[in-house]
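Data block below; observations after.
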Amino acid sequence: KVKPQLEEKEGKTFDVFTAMEFKTQMVAGTNYFIKVHVGNDEFVHLRVFRSLPQENQPLSLHGYQSSKTKHDELVYF
(Lines give C-alpha, C1' and ligand atoms only; values in the text may rest on other atoms or scores of the structure.)
Protein backbone atom coordinates (compact mmCIF):
# COMPACT_ATOMS: atom_id res chain seq x y z
CA LYS A 1 0.00 0.00 0.00
CA VAL A 2 2.92 2.40 0.54
CA LYS A 3 4.91 1.43 -2.56
CA PRO A 4 3.26 4.15 -4.73
CA GLN A 5 3.97 6.73 -2.01
CA LEU A 6 7.68 5.85 -2.02
CA GLU A 7 7.83 5.76 -5.82
CA GLU A 8 6.33 9.25 -5.96
CA LYS A 9 8.83 10.61 -3.41
CA GLU A 10 11.80 8.94 -5.15
CA GLY A 11 10.59 9.74 -8.67
CA LYS A 12 11.09 6.17 -9.88
CA THR A 13 9.36 2.81 -9.95
CA PHE A 14 10.56 -0.35 -8.25
CA ASP A 15 10.19 -3.67 -10.08
CA VAL A 16 11.15 -5.48 -6.86
CA PHE A 17 9.53 -4.45 -3.58
CA THR A 18 9.82 -7.19 -0.97
CA ALA A 19 9.61 -6.67 2.80
CA MET A 20 12.48 -8.54 4.47
CA GLU A 21 12.20 -7.51 8.13
CA PHE A 22 10.12 -5.23 10.31
CA LYS A 23 9.82 -3.77 13.80
CA THR A 24 6.90 -2.00 15.44
CA GLN A 25 6.56 0.94 17.80
CA MET A 26 3.30 1.66 19.59
CA VAL A 27 2.33 5.34 19.60
CA ALA A 28 -1.14 6.83 19.09
CA GLY A 29 -1.36 4.17 16.41
CA THR A 30 1.54 2.02 15.21
CA ASN A 31 4.80 2.85 13.48
CA TYR A 32 6.19 0.04 11.35
CA PHE A 33 9.88 0.13 10.46
CA ILE A 34 10.33 -2.08 7.40
CA LYS A 35 13.44 -3.17 5.50
CA VAL A 36 12.44 -3.52 1.84
CA HIS A 37 14.49 -5.11 -0.95
CA VAL A 38 14.08 -2.95 -4.07
CA GLY A 39 16.34 -4.87 -6.47
CA ASN A 40 19.98 -5.86 -6.92
CA ASP A 41 21.78 -5.13 -3.65
CA GLU A 42 19.58 -2.13 -2.83
CA PHE A 43 17.38 -1.82 0.23
CA VAL A 44 15.19 0.95 1.62
CA HIS A 45 14.10 1.37 5.23
CA LEU A 46 10.54 2.62 5.59
CA ARG A 47 8.61 4.12 8.50
CA VAL A 48 4.92 3.44 7.91
CA PHE A 49 2.20 4.74 10.22
CA ARG A 50 -1.10 2.99 10.89
CA SER A 51 -3.59 5.17 12.75
CA LEU A 52 -5.93 3.89 15.43
CA PRO A 53 -8.88 1.89 14.03
CA GLN A 54 -11.48 4.50 14.98
CA GLU A 55 -9.62 7.14 12.93
CA ASN A 56 -10.17 5.07 9.77
CA GLN A 57 -7.09 6.45 7.95
CA PRO A 58 -5.03 4.64 5.29
CA LEU A 59 -1.45 3.51 5.91
CA SER A 60 0.95 6.35 5.29
CA LEU A 61 4.65 6.56 4.57
CA HIS A 62 6.06 8.86 7.25
CA GLY A 63 9.73 8.53 6.37
CA TYR A 64 12.33 6.48 4.58
CA GLN A 65 16.05 5.95 4.27
CA SER A 66 17.45 4.92 0.90
CA SER A 67 20.85 3.49 -0.12
CA LYS A 68 20.72 0.77 2.52
CA THR A 69 22.26 -2.70 2.26
CA LYS A 70 21.04 -6.13 3.32
CA HIS A 71 23.27 -5.98 6.38
CA ASP A 72 22.30 -2.48 7.60
CA GLU A 73 20.51 -2.76 10.93
CA LEU A 74 16.86 -1.74 10.90
CA VAL A 75 16.64 0.98 13.56
CA TYR A 76 13.98 3.42 14.68
CA PHE A 77 14.15 6.79 12.90
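The values are calculated or read from the model by the stated rules, or taken from the named source; none is laboratory data. This structure is a prediction, so every number in the text was calculated from the model and none was measured. Don't worry about glycine lacking a Cβ; one is built from the backbone with ideal geometry, like all the others, and counts go over all protein chains shown. What goes into the accessible areas is simple: the full protein's heavy atoms, side chains included, and nothing from ligands, DNA or RNA. Shrake-Rupley method; radii C 1.70, N 1.55, O 1.52, S 1.80 Å.
Among the residues of segment 1-19, write down those that are in contact with a helix residue (DSSP H, G or I) (Cβ under 8 Å, 6 or more places away or on another chain) and farther than 21 Å from E73 by Cβ. Give the steps one after another, and end with the answer.
At the first step, the residues of segment 1-19 found to be in contact with a helix residue (DSSP H, G or I) (Cβ under 8 Å, 6 or more places away or on another chain) are 13-14, 17.
Correct list: T13, F14.
Within segment 50-77, restricting attention to residues that are within 15 Å of K9 (Cβ to Cβ) and of a type in the set (G, A, S), which residue is least open to solvent (accessible area, probe 1.4 Å)?
That would be G63.
Across segment 51-77, what is the number of residues that are under 20 Å from T18 (Cβ atoms) and not β-branched (V, I, T)?
Residues that pass the stated criteria total 13.
Among the residues of segment 20-49, how many are closer than 21 Å to D72 by Cα, touching a His at 6+ places or on another chain (Cβ under 8 Å) and surrounded by 12 or more Cβ atoms within 10 Å (Cβ to Cβ)?
At the first step, the residues of segment 20-49 found to be closer than 21 Å to D72 by Cα are 20-25, 31-48.
Subset that is touching a His at 6+ places or on another chain (Cβ under 8 Å): 20, 31, 33-36, 43, 47-48.
Those left that are additionally surrounded by 12 or more Cβ atoms within 10 Å (Cβ to Cβ): 31, 33-36, 43, 47-48.
Matching residues across segment 20-49 total 8.
Looking only at segment 1-18, which residues are in contact with a strand residue (DSSP E or B) (Cβ under 8 Å, 6 or more places away or on another chain), surrounded by 12 or more Cβ atoms within 10 Å (Cβ to Cβ) and within 13 Å of L46 (Cα to Cα)?
Looking only at segment 1-18, we keep the residues that are in contact with a strand residue (DSSP E or B) (Cβ under 8 Å, 6 or more places away or on another chain), and these are 2, 5-6, 9-10, 14-18.
Next cut, surrounded by 12 or more Cβ atoms within 10 Å (Cβ to Cβ) only: 2, 5-6, 9-10, 14, 17.
Result: V2, Q5, L6, K9, E10, F17.
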